[in-house]
Amino acid sequence: MSGAVDRLIAAGTAEIAGRAEPELEALVGVSSPSGDLVGAEAALAICAGLLPPAAQAQRLPCSTPGSAPDLLATIPGRGTRRMVLVGHVDTVIAHAAHTPLRREDGRLYGPGTTDMKGGVVLALGVARTLAALPESFAELAVLLVTDEEWRTAEFAHVPRLAHYDACLCFEAGERTASGEEAVVVRRKAAGTLRVSATGRAAHSGSAPDQGRNALLALAQAVRTIAEHHDPHGPERLSVVPTVLRSGEAFNVVPAAGELICDLRAAALEAFAPVLASVPAEIAGVHIDARMERLWPGMDSDAATASLLARAGERLGRPIVGVARGGASDASHFAGAIPTTIDGLGPRGGGAHTPEEFVLTRSLAQRAEVALVLALQTLAEN
């Protein structure tokens, strides 16, 4: 980097990084598990206060009924390109397990630090920096949702923003094995297969054969489903049974049960044969199988390769596009907005656990990466 560009990025990074830790402490201080209205409102109130003054904020219906409305803030500019910065404020940590931010050994611990309140803080910082450069964009948007961690409905916001030129999502950042700055340009499609079994109860000692055992039926179903697991095949399909529930007493033939499997693949179409393989009845037990939480795959590799190369040159160190297994809201936008890049948040670990953390030093490092990518994206033809 050199000259005015160097000074701009350095000043923007310093401003974002200087505010990031106290802003993250405030946001992590709010317990906001998915579906909690009070927590979501408190978290979004903090975020609204961190938006640039020019932002025009509105609350939009969340994709998940009963959730707090999402926040969409737009900033008008005088340029030619439109870009949306995406994040979520919900976490998987329940109120009972919530803790305030804790500083220890260069790490910031707390629920949602890496997934993804740390990323939200950086997104808001990037928005403030760009808002001071209205000539660089036609419209800048910040979208913060309240239901990312467990959304089963269709994502509501793609049609509203499909005409945008770029989408940057601030899930946790990472580095390659050789230490290069990495961003996410590929994700698998994801789906949840839920199988319900309805049999007939009976005394397991005096009349076992009068029952229809839902547990045994599900055990047979899970073997059939798991046979489709082929992560190294052409569809890169993984089929992982994760939850099995059945029975209420030790001496009763279980009349009902439920099996849940996590499916990932290159494309959503790979899930259809898995679903079709589940029989409607097993040994007199009725089986109902359905797909839930279907999230599309993301592949922005080709569309962003040259952009990442130019941004890396501008930064003075490479920025590498990588694949990641987890699902993200970026996946929904990628089909409509080819220039979609994810993984712009700070680096950390322990996501979805009580020991979740971000690396303190990565707040500045990833703010710089995000800001360079945002500026380069807006400068593209």
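The values are calculated or read from the model by the stated rules, or taken from the named source; none is laboratory data. All values reported here derive from a predicted model rather than from experimental measurement. All Cβ positions, glycine included, derive from the backbone under ideal geometry; neighbour counts span all protein chains shown.
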Open item on the list: Take Arg107 and tell me if it is modelled with pLDDT of 95 or more, assigned by TED's automatic domain parsing to the domain that holds Ala374 and farther than 23 Å from Trp295 by Cα.
Closed with: yes
Open item on the list: Condition (residue is under 29 Å from Thr360 (Cα atoms), under 19 Å from the mean Cα position of the chain (by Cα) and of a type in the set (S, T, N, Q)) applied to the stretch 145-157: is it met by at least one residue?
Closed with: yes
Open item on the list: I want to confirm something. Restricting to the stretch 130-168 and keeping residues that are surrounded by fewer than 22 Cβ atoms within 10 Å (Cβ to Cβ) and of a type in the set (Ser, Thr, Tyr), which single residue is modelled with the lowest pLDDT?
Closed with: Thr152
Open item on the list: Considering only the stretch 197-212, I want to know if a residue exists there that is within 21 Å of the chain's Cα centre (by Cα), surrounded by 18 or more Cβ atoms within 10 Å (Cβ to Cβ) and of a type outside the set (Phe, Trp, Tyr).
Closed with: no
- [ ] For the stretch 231-271, name all the residues that are in contact with a strand residue (DSSP E or B) (Cβ under 6 Å, 6 or more places away or on another chain) and acidic (Asp, Glu).
- [x] Glu235, Glu258, Asp262
TODO: Go through (1) under 25 Å from Ala153 (Cα atoms); (2) outside any strand (DSSP E or B) one by one and return the number of the condition Pro52 breaks.
DONE: (1)
Task: Complete set of residues in the stretch 50-96 that are among the aliphatic types (A, V, I, L, M), more than 21 Å from Gly119 (Cβ to Cβ) and surrounded by 13 or more Cβ atoms within 10 Å (Cβ to Cβ) - done: Ala54
TODO: Taking the residues in the stretch 337-362 that are more than 20 Å from Arg324 (Cβ to Cβ) and of a type outside the set (D, E, K, R) as candidates, determine which candidate is farthest from the chain's Cα centre (by Cα).
DONE: Thr360
TODO: Among the candidates Gly179, Gly110, Gly118, Gly173, single out the residue that is on the phi > 0 side of the Ramachandran plot and crowded, with 24+ Cβ neighbours inside 10 Å.
DONE: Gly110
Open item on the list: Residue pairs, Cβ under 8 Å, 6 or more apart or interchain, first in the stretch 230-246 and part of a strand (DSSP E or B) and buried (at least 17 other Cβ atoms within 10 Å of the Cβ), second modelled with pLDDT of 95 or more and β-branched (Val, Ile, Thr). List them.
Closed with: Leu237/Val274; Val239/Ile225; Val239/Val274; Pro241/Val222; Pro241/Ile225; Pro241/Ile260
Task: Filter result (buried (at least 20 other Cβ atoms within 10 Å of the Cβ) and farther than 13 Å from Gly112 by Cα) within the stretch 24-39 - done: Asp36
